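Structure first, then comments.
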Protein chains: 2
Amino acid sequence: SKEDFDLAAIYVSDAQYNRNIYFDTSPQAVRLYLRYNHWIPKVLLLFFIVVDLSLAIFEEPAVFLVPSLYTMLVELLCLLVFTLRLVHYAKVIPRDKFWKDPKNICIIVVLVLTLVDMIIYEALIATDCYAVRWSRVLRPLLLVNVTEGRQLRRAFRSIRNALPQIFYVFLLFMFSLLIFSLMALKLLGKRGLKTLDGAPYFTNYLEIVFDLYVLVTTANSPDVMMPAYNSSFFFAIFFILYILINTYIFMSVFLAVVYNNYKKYLKEEVRQLVRAKRHKMVRAFAVLQEQRAEGGEPVVKQANWNQIVKLVQPDISNAHRELLWSVSDDNNQGFIGKLAFVQLADLLNIEVITLKSRPHPLQSACPALYLSAPSRLLCRLIQHRAFVIVYDLIILVNAVFIGLDEANPLIAYSEWVFLALYLLEILLKLYVFEPRAFFSRHSFWNCLSSSQIISTRFDTIIVVSALIATIVNSAMTSSGNYTSRQILDIVFILRVLRLIRVVDSIQRFRAIINTLIRIGPAILTFGQLIIVVYYIFAMVGMELFKGKVKFYEDDSSDPAKAYCGNPLLKGTAFAQLNYCKNNFNNVVSSYILLLELTVVNQWHVLSSGFAAVTHISARLFFILFHIMVVIVIINIFVAFVLEAFFVEY
Amino acid sequence: SKEDFDLAAIYVSDAQYNRNIYFDTSPQAVRLYLRYNHWIPKVLLLFFIVVDLSLAIFEEPAVFLVPSLYTMLVELLCLLVFTLRLVHYAKVIPRDKFWKDPKNICIIVVLVLTLVDMIIYEALIATDCYAVRWSRVLRPLLLVNVTEGRQLRRAFRSIRNALPQIFYVFLLFMFSLLIFSLMALKLLGKRGLKTLDGAPYFTNYLEIVFDLYVLVTTANSPDVMMPAYNSSFFFAIFFILYILINTYIFMSVFLAVVYNNYKKYLKEEVRQLVRAKRHKMVRAFAVLQEQRAEGGEPVVKQANWNQIVKLVQPDISNAHRELLWSVSDDNNQGFIGKLAFVQLADLLNIEVITLKSRPHPLQSACPALYLSAPSRLLCRLIQHRAFVIVYDLIILVNAVFIGLDEANPLIAYSEWVFLALYLLEILLKLYVFEPRAFFSRHSFWNCLSSSQIISTRFDTIIVVSALIATIVNSAMTSSGNYTSRQILDIVFILRVLRLIRVVDSIQRFRAIINTLIRIGPAILTFGQLIIVVYYIFAMVGMELFKGKVKFYEDDSSDPAKAYCGNPLLKGTAFAQLNYCKNNFNNVVSSYILLLELTVVNQWHVLSSGFAAVTHISARLFFILFHIMVVIVIINIFVAFVLEAFFVEY
Ligand code: NA
């Protein structure tokens, strides 16, 4: 029946896309589930999640301040959308499954808490009390817990799995840190040494612990050692031992533990995925199976199989479908058993590139000219290795010209020559190669087949954009109008980007870049992970430190500019290094500051600055960030790149 | 014959210790080879290599200056020893093999060049010309190329194998760096921005390349970004992209490439070792084999086998030897075939721990007392878990007391209490456990069996040393003499080291520490590698930069102290941060400076300081050091720790 086919199609489709939802199999629920998986509600949901997260830009402390009434209304709309999506989900899967799933509970809790927070906030504001929108910290949990956040959840799970092991190494590391600090206090505290700014050196135990923690991150090397080293050679041995044990050994062990766990977990995850996929396909088979008259194992007939494939992938070509069938039914019996049917999900995922050698459109249009001797010579020339080398040389000359002063009229003129040369190259390539091969949607996404198609397309886009931007710029300049700095910037960037293509001519480089392109999508998952973790730290950081450090524009003559508008910063390294713009005064600044903390260098100056304007314990916030992001997440990222590289390279 | 046995014993011994020397098999050469492998000439050679390397301490620029006549005489003596050792080696192996081996050629070249350099140097000095002892750079090559530098050569080979791959990634990275620098020049160079010290920002291409290279190492983050970021939010995007691509992606790819090569190479190396070992054992078998009267495959009889084992390992016990034979000859036939014989090398490497449960000496001496009820209760108490917990608590209390001010008489007195408690613990343990099990040579080195024996012994040494040091200290104080700061330091260090043993009570920690102890010996190979590479850079650095930066003691009132005695450093970050003692004025300073460069932080300040006192191109020395040590060697070290951890943990 139609309903059976729908059900089977859903199983196959779930198996194909590795969806793991145990939906209700009643016809009504199946129809709802089909709608649940449609791309429109999915995209809408993700859009509203992005809107919800972006509210931080408009809420106090804001980049663009909007009255809280408007942001609250938008947030209510978002909450409504999330609730509707959750209700839809609740109708799709059995009730007991729904309430057992921690993802759903988490979403409900976040929604309720957000609503409660909004009400409390408005009430407090109305009575002129101090109010904090504390539920903003919870927003990224929505992104993690919706059905579509599968990849992100996997990344978080891999972190959670590594945590116990990391924890034990971390305890040992902390023990080593505390012991070394105690030794430093006893060895150096009573010598009356002074730091560079005249403060007593290594006399306070907690300060020593912080300084030595910073030394593990290498951020205060060699400054923290200098007073001791200046007083005697032998104290350098203490610091060398410390760095060897804590920076080199312990940090490598952290990476080793994280990587070890990651590999173990990855294997388990892949095993589970394969099991779930098989399970779904077996269910689809059970729905479609028929008993043959001759007896034996149940089978699926070709007609039913065809209908399922059409339902699962409506845009599949007949030739492709017949190819898949012939692979499954290799004895040409007209039916397939369970074993052959289960493979369908994987077969559908294999991209079949139909490489038809179509004649060039010019050949069809005007064969006499296109196949004439000079035209064929031209084609041979363009396909020759020398053509590539000539253009590589042109790029190198172009690079030199870009480096020169563009105010010189000769240089400005040369830009037109280079643009013409690049355009000529594209036209010549189009003359030789099938244009549709370059611009078809299918090959566009098929990164695996060749990086050359990507790079040719990248070239074309860059060159055409550069042409347009240069024309716009020239038109504005020659018409005597004000030349926009932004357009000039874009022209420059496009000019420089054009140089990248030289990499593509070297086989070795192409192999490395192909690897990087292939691990790209997974790196994006880490991008999401970082955004989620940053969001939480940004929200907390903004509540703790907003407005404590002020930034004055370069042309400001306010004397407070020298100490970032906060007298507590007078004489600190933070103010001396002019770090005033590194603050938590809005979400964009916060993100950039957190990125600087991730890079680690000078993080102790940043953390000491914020400790100076609040309380010494503010350093805990920065240490926690360092542990969470640098020790855990960056190590997972490195482990991931290592593993991906071993598989691909 | 005796000579056959000697030959076979050498083959077995070579196989056992993985020696890979194809010596001449004439009886005379075999005798020489036996002498060549004796420990005395080996230790002598290593001693003279250390002496040769240590000459750098006494040569200009020296830590302790000695007239060059004396250092030259010592160096000549070293050269003589190396030549003798090489001549010995030449007599052991066939002539054609000797001249084909690049190791020997390298040693000869180094010896000849050193001699030539010494003559030229003396001649130039005699005629009052400027002279450089350039051959000092070659000294570490001796350590690498002698027979005993096998591990070190392996480490260098693994670097050489990774180099081509690293080179391609490095080219791609350099390309990215140059493109980003060009973009930075075009985007930021014309905005009239100023750095913190008022210099024009991003206007010189080569300066930008250097600044962005430093940014990859994170050492100038966020300072290099601040002028652009202060002028607009959007420029931060440029730096974020740059850090993402170059610091995170490229640096991970470097590690991945190094690790990938390391793993591949390691497998190949292990395969070769196994092959060479088998080859040696087959040769030994060929020497000893006899044809049995019944025919069949040739065999080795037990008597011959016994003689060989006694020759190879003279101190082996009869029981151990019989155990090995019974393993080899499992059918109890009185002879073994080739297959069983080849295993001998591995069998000899297996440590057999003879765990005899000997009665406690006190029990033998005075059984009535030792086996009485109170004595047995005491033993049970000491072996109880609570005993460990009580002592862990004592350690924690001790830690707090150490942290407090030791000038307080109560605290000073408490030290005696703690020492007494620790001594009591050792005595109680000796009362329960077999003392010989703790102090026998065999179990001392047998780290694999248990870290607990090591830690108990470590405890005992620390506690007894602390007791002695404290008594000496008290005696000196009470006799009214001057209390030596050095002895006090030792007392403090020993006190703090005592706290380490708390780690041992926790099973999880013990597992991690056992892993670290097991990979320890291999880490020492990396230590040698680092010393070799540092030595070369230190020699070159001392010739380039000696005396350019001077250090003035803290109590000096010389105004030149503010700029390290070199007016060119006035106003530089190098002088402001008081880095004067980070110089190349002697080999110890050079090593500490190179270590600071390895830690990376502030390396741009150090390199810019030395560029200021010489020439801007001096930065190349520091960049080269960064590439060689941080990108290549440290990554190999991390790869090594990762791999070791996966195998062990
Ligand atoms: Na750093």
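The values are calculated or read from the model by the stated rules, or taken from the named source; none is laboratory data. All of these numbers come straight from a predicted model, not from anything done at the bench. Ideal geometry is used to build each Cβ from the backbone, glycine not excepted, and the neighbour counts take in all protein chains shown. Just so you know, the surface numbers come from the protein's heavy atoms only, side chains and all, with ligands and any DNA or RNA stripped out. Shrake-Rupley method; radii C 1.70, N 1.55, O 1.52, S 1.80 Å.
Summary table
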quantity	calculated
Selection status of B:VAL87, in the same structural domain as B:ILE49 (by TED's automatic domain parsing), of a type outside the set (Asp, Glu) and in contact (Cβ under 8 Å) with a residue 24 or more places away in the chain	no
Output for the stretch A:230-255, where each listed residue is within 16 Å of the ligand (Cβ to nearest atom) and open to solvent by 30 Å² or more (accessible area, probe 1.4 Å)	A:TYR248, A:MET251
Check on B:ALA162, part of a helix (DSSP H, G or I), surrounded by 15 or more Cβ atoms within 10 Å (Cβ to Cβ) and among the small types (Gly, Ala, Ser)	yes
Test result for B:GLU553, more than 30 Å from B:TRP134 (Cβ to Cβ), in contact (Cβ under 8 Å) with a residue 60 or more places away in the chain and within 14 Å of another protein chain (Cβ to nearest Cβ)	no
Test: residue in the stretch A:193-204 that is away from the ligand (no atom under 16 Å from the Cβ), within 9 Å of chain B (Cβ to nearest Cβ) and touching a strand residue (DSSP E or B) at 6+ places or on another chain (Cβ under 8 Å)	yes
Qualifying residue in the stretch B:181-192 (condition: within 16 Å of the ligand (Cβ to nearest atom) and either crowded, with 17+ Cβ neighbours inside 10 Å or under 16 Å from B:SER607 (Cα atoms) (or both))	no
Matching residues, the stretch A:600-619, being within 16 Å of the ligand (Cβ to nearest atom) and either of a type in the set (A, V, I, L, M) or within 29 Å of A:LEU55 (Cβ to Cβ) (or both)	A:VAL600, A:TRP603, A:VAL605, A:LEU606, A:SER607
Residues of the stretch A:569-599 classified as assigned to a loop (DSSP other than H, G, I, E, B), within 16 Å of the ligand (Cβ to nearest atom) and open to solvent by 20 Å² or more (accessible area, probe 1.4 Å), total	1
Breaking point among (1) under 12 Å from A:VAL549 (Cβ atoms); (2) within 11 Å of chain B (Cβ to nearest Cβ); (3) crowded, with 24+ Cβ neighbours inside 10 Å; (4) over 22 Å from the mean Cα position of the chain (by Cα), for A:GLN602	(1)
Number of the condition not met by A:VAL109 [criteria: (1) assigned to a helix (DSSP H, G or I); (2) touching a Leu at 6+ places or on another chain (Cβ under 7 Å)]	(2)
Output for the stretch B:210-229, where each listed residue is open to solvent by 10 Å² or more (accessible area, probe 1.4 Å), within 11 Å of another protein chain (Cβ to nearest Cβ) and away from the ligand (no atom under 16 Å from the Cβ)	B:PRO227
Enumeration of residues in the stretch A:633-643 that are facing chain B (nearest Cβ under 8 Å) and under 21 Å from B:LYS264 (Cβ atoms)	A:VAL638, A:VAL641, A:LEU642
The one condition in (1) more than 10 Å from chain B (Cβ to nearest Cβ); (2) in contact (Cβ under 8 Å) with a residue 12 or more places away in the chain that A:ILE513 fails to fulfil	(1)
All helices (runs of 4 or more DSSP H) inside the stretch B:306-408 with 1 or more residues being touching a Gly at 6+ places or on another chain (Cβ under 8 Å), open to solvent by 60 Å² or more (accessible area, probe 1.4 Å) and more than 25 Å from B:TYR422 (Cα to Cα)	none
Count of residues meeting criterion [free of Cβ contacts under 8 Å to residues at least 60 places away in the same chain and more than 7 Å from every other protein chain (Cβ to nearest Cβ)] in the stretch B:230-246	8
Checklist (1) open to solvent by less than 40 Å² (accessible area, probe 1.4 Å); (2) modelled with pLDDT under 90 applied to A:ARG154, failing item	(1)
Selection from the stretch A:489-504 of residues that are more than 9 Å from every other protein chain (Cβ to nearest Cβ) and either farther than 25 Å from A:ALA469 by Cβ or open to solvent by 40 Å² or more (accessible area, probe 1.4 Å) (or both)	A:ILE490
Residues satisfying the stated conditions in the stretch B:1-53, i.e. polar (S, T, N, Q) and either part of a loop (DSSP other than H, G, I, E, B) or surrounded by 14 or more Cβ atoms within 10 Å (Cβ to Cβ) (or both)	B:SER1, B:SER13, B:GLN16, B:ASN18, B:ASN20, B:THR25, B:SER26, B:ASN37
Selection within the stretch A:173-205 - assigned to a helix (DSSP H, G or I) and either of a type in the set (Asp, Glu) or in contact (Cβ under 8 Å) with a residue 24 or more places away in the chain (or both)	A:PHE173, A:SER176, A:LEU177, A:LEU178, A:PHE180, A:SER181, A:MET183, A:ALA184, A:LEU187, A:LEU188, A:TYR205
The stretch A:511-568: number of residues that are assigned to a loop (DSSP other than H, G, I, E, B) and surrounded by 15 or more Cβ atoms within 10 Å (Cβ to Cβ)	9
Which numbered condition B:VAL282 fails, given (1) over 30 Å from B:PHE341 (Cα atoms); (2) of a type outside the set (Ser, Thr, Tyr); (3) more than 11 Å from chain A (Cβ to nearest Cβ); (4) part of a helix (DSSP H, G or I)	(1)
Boolean, B:ASN585 is touching a residue at least 40 places away in the same chain (Cβ under 8 Å) and within 11 Å of chain A (Cβ to nearest Cβ)	no
Single residue of A:ILE536, A:ILE634 found to be within 30 Å of the chain's Cα centre (by Cα) and either within 16 Å of the ligand (Cβ to nearest atom) or on the phi > 0 side of the Ramachandran plot (or both)	A:ILE634
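Listed here are the residues, each with its yes/no results for (1) of a type outside the set (A, V, I, L, M); (2) surrounded by fewer than 16 Cβ atoms within 10 Å (Cβ to Cβ).
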residue	(1), (2)
A:PRO102	yes, yes
A:ILE107	no, no
A:VAL112	no, yes
A:LEU115	no, yes
A:MET118	no, no
A:ALA123	no, yes
A:ASP128	yes, yes
A:ARG133	yes, no
A:PRO140	yes, no
